[in-house]
Amino acid sequence: MDNNTVKILQFVVTNEEGGIRLDQFLAGKLPDASRSFLQKKIKEGMVLVDGRETKSGCKLVEGNTVQIAVEPPKELTVEPENIPLDILYEDEDIIVINKPKQMVVHPAPGHYSGTMVNALLYHCKDSLSGINGVLRPGIVHRIDQDTTGAVVVCKNDYAHRFIAEQLKEHSITRTYHAIVQNHVVQEEGTIESTLGRHPVDRKKMAMNVKNGKRAVTHYKVLDPLNGKFTYICCNLETGRTHQIRVHMASIGNPILGDAIYGPAKCPFHLTGQTLHAKTLGLIHPRTGKYVEFDAPLPEYFEKLLMKLK
């Protein structure tokens, strides 16, 4: 490893972290890096445990020293890509996209192409707000890679600030539809907690952790389905990372397909969680009037609902 061209990051395994895999450990320390990116680093010999190369599945013990060689940051440019977008609404200030599964909202380590931002740069050209920098033009909020549904993007800085303020005040309407595991005991309810990064697995979020932020989810049963699964809607009072996924898992109803907060094995061939951002409502930055957008359920979601009835 050439120290003139790379930076060496070093971590010492704590008692709490003992027993976890090397790739999982690094994912916790470098939450912006994808697991596949880290596994590639390990395979290339760019990660050492106590000075030796090893494999991704190596189980760490307390006191291990883990070093990873990281290339210096490059000045990144995000290229426009001709990727079709399902546009729910567009005007001179905002564009609302119905995001599909497996599309990342903005570039990040391991995902520098094929993102929603790449597609937006092709579609909108230079008409995107610049507040969030070169990697996140126009992006004022986001949803997970395998969550589908409505995302609003801002086409100028005024609209960005206007909508960001609504997000800060929790005044935007955000209704999600989901299929969860098991029978939901109460037909409707509210889950309130603090939510923050998991103390060990930094890829996950956890309830009631130190320095967590207030998180409130209101849920309602839409259809009890077959008793083994339940169709619900959730209204977000706050919008924390993985909020619905963590909250529903906390009451024994993890979202179907969510291998992070639910069972590792899914009885259906799914790609990630069955969670869809159905309705998005906000005050329009130019007219000052409330507008609401509805994203139709994805085809796979509709078919699954019919199968589970």
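Side notes on the structure shown:
- Residue match in the stretch 64-71 (condition: open to solvent by less than 80 Å² (accessible area, probe 1.4 Å), modelled with pLDDT of 90 or more and over 30 Å from L135 (Cβ atoms)): yes
- Here the condition is being within 19 Å of C154 (Cβ to Cβ) and open to solvent by less than 70 Å² (accessible area, probe 1.4 Å); of L120, L60, it holds for L120 alone.
- Matching entry among Y122, Y219 (being within 18 Å of E81 (Cβ to Cβ) and at pLDDT 95 or above): Y122
- Of all residues in the stretch 22-44, none are over 29 Å from V104 (Cα atoms) and at pLDDT 90 or above.
Here's the yes/no breakdown for (1) surrounded by fewer than 18 Cβ atoms within 10 Å (Cβ to Cβ); (2) not hydrophobic (A, V, I, L, M, F, W, C):
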residue: N211; (1), (2): yes, yes
residue: T217; (1), (2): no, yes
residue: L222; (1), (2): yes, no
residue: K228; (1), (2): yes, yes
residue: N235; (1), (2): yes, yes
residue: A259; (1), (2): yes, no
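- Residue in the stretch 84-96 that is at pLDDT 95 or above, among the hydroxyl-bearing types (S, T, Y) and out of contact with any helix residue (DSSP H, G or I) (no Cβ under 8 Å at 6 or more places or on another chain) present: yes
- Residue ID - farthest from V140 (Cα to Cα), chosen from residues in the stretch 105-119 that are assigned to a loop (DSSP other than H, G, I, E, B) and polar (S, T, N, Q): S113
- When the stretch 284-309 is filtered for residues that are within 22 Å of V153 (Cβ to Cβ) and open to solvent by less than 60 Å² (accessible area, probe 1.4 Å), the ones remaining, listed by number, are H284, P285, G288, V291, F293, A295, L297, P298.
- Residues within the stretch 228-273 that are without any contact (Cβ under 8 Å) to a residue 24 or more places away in the chain, among the hydrophobic types (A, V, I, L, M, F, W, C) and within 13 Å of K204 (Cβ to Cβ), tallied: 2
- Considering the stretch 263-285, and only residues there that are modelled with pLDDT of 95 or more and in a loop (DSSP other than H, G, I, E, B), the residue that is nearest to the chain's Cα centre (by Cα) turns out to be Q273.
- Taking the criterion of being open to solvent by 60 Å² or more (accessible area, probe 1.4 Å) and more than 30 Å from V221 (Cα to Cα), the residues of the stretch 158-183 that qualify are Y158, R161, F162, E165.
- Flag if N82 is open to solvent by less than 40 Å² (accessible area, probe 1.4 Å), under 30 Å from V153 (Cα atoms) and in contact (Cβ under 8 Å) with a residue 24 or more places away in the chain: no
The values are calculated or read from the model by the stated rules, or taken from the named source; none is laboratory data. As the structure is a computational prediction, the values presented were derived from the model and not from experiment. With ideal geometry, Cβ positions are generated from the backbone for all residues, glycine too; neighbour counts draw on all protein chains shown. The area values use the complete protein model at the heavy-atom level, side chains included, leaving out ligands, DNA and RNA. Shrake-Rupley method; radii C 1.70, N 1.55, O 1.52, S 1.80 Å.
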